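Worksheet for the structure shown next.
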Amino acid sequence: MNKFWQWVKNEAGAERTLHLNGPIAEETWWGDEVTPKAFKDDLLAGSGPVTVWINSPGGDVFAGSQIYNMLREYGLNYPVTVKIDGIAASAASVIAMAGGRVCMSPVSCMFIHNPATFAVGDSAEMVRVKQMLDAVKDAIINAYELKSGQSRVTISHMMDDETMMDARKAVELKFADEMLYSAPPAAEPEPVTNRGFMFSQAAVMNSLAARMQKDKTARPAPAGTPISALDKRLALIKN
């Protein structure tokens with residue numbers, strides 16, 4: 001099977017490096033997805049510190065949750081460092097939370113959003129699906145909360161807004177610990193608040209709608225003669 005992850009062979013007992021590049025799946029369809037069972041076999045095939053490089057759009061939330069648990073368990077015995085070199089989105093962002101230390105390239109991003117699924121059925125089935133998605137969201141929030149220390153309400157709103165964070169913003173909000181390749185901080189570092197980038201799709205759409213409404217209400221009345229004046233003139237002509 002062509003797995004999207006790759007172990008870099010190091011000397012016995014030395015730090016191991018793992019690259020996660022591609023989608024995450026519960027089962028393999030094309031031969032290039034990771035499955036939790038295969039991942040566990042490879043993870044436990046060695047020992048020592050592990051660095052996990054992530055560049056993944058995400059995928060199956062339950063598979064991602066299992067891999068998160070495997071790395072957390074492994075981290076009880078050996079250090080686990082996560083480094084994001086492209087994007088850690090969706091389920092991949094959950095996996096990133098398993099790192100004892102999470103580092104991001106200055107050109108990388110982290111993307112978090114609500115879980116989603118496809119469903120077919122009657123209204124009762126739709127209610128059950130919503131309850132399931134709400135439970136999954138709560139579980140995902142647990143991982144983000146443990147790492148970042150942000151409140152559950154804040155994280156929930158960020159997921160509602162489908163939030164994309166660059167490295168600075170992720171470090172500022174404590175979803176990550178460090179931006180890679182950055183210069184050492186000065187003796188009195190400048191505040192990092194608002195220096196990072198955070199894109200909220202919902203916020204952008206709401207802002208656009210508000211701007212359109214403002215432009216509509218602020219638009220001046222068209223030039224010309226009011227209809228009431230025209231009516232009076234027509235009445236005079238008829239008389």
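The values are calculated or read from the model by the stated rules, or taken from the named source; none is laboratory data. Computed from a predicted structure; not experimentally measured. Neighbour counts run over all protein chains shown; Cβ positions are idealised from the backbone, glycine included.
One table, with the values for the structure above:
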| quantity | calculated |
| --- | --- |
| Odd one out for Trp53 among (1) within 20 Å of the chain's Cα centre (by Cα); (2) at pLDDT below 85 | (2) |
| Helices (runs of 4 or more DSSP H) enclosed by the range 89-174 - at least 2 residues per element that are out of contact with any Leu (no Cβ under 8 Å at 6 or more places or on another chain), modelled with pLDDT of 95 or more and farther than 22 Å from Met198 by Cβ | 123-148 |
| Filtered residue count, the range 28-81, keeping only those that are aromatic (Phe, Trp, Tyr) and part of a loop (DSSP other than H, G, I, E, B) | 3 |
| Leading residue by the ranking (surrounded by the fewest Cβ atoms within 10 Å (Cβ to Cβ)) among those in the range 63-114 that are under 20 Å from Glu15 (Cα atoms) and within 13 Å of the chain's Cα centre (by Cα) | Met97 |
| Number of the exception - Gly58 against (1) on the phi < 0 side of the Ramachandran plot; (2) under 21 Å from the mean Cα position of the chain (by Cα) | (1) |
| The range 1-35, residues that are at pLDDT 80 or above, among the charged types (D, E, K, R) and within 15 Å of Val52 (Cα to Cα) | Glu15, Arg16 |
| The range 32-88, residues that are free of Cβ contacts under 8 Å to residues at least 24 places away in the same chain and basic (Lys, Arg) | Lys37 |
| Inter-residue pairs, beta-carbon under 8 Å, first over 10 Å from Gly64 (Cβ atoms) and hydrophobic (A, V, I, L, M, F, W, C) and in the range 17-28, second at pLDDT below 85 and in a strand (DSSP E or B), 6+ apart | Leu18/Trp5; Leu18/Gln6; Leu18/Trp7; Leu18/Val8; Leu20/Trp5; Leu20/Val34 |
| Selection from the range 134-187 of residues that are touching a residue at least 24 places away in the same chain (Cβ under 8 Å), on the phi < 0 side of the Ramachandran plot and hydroxyl-bearing (Ser, Thr, Tyr) | Tyr144, Ser148, Thr163, Ser182 |
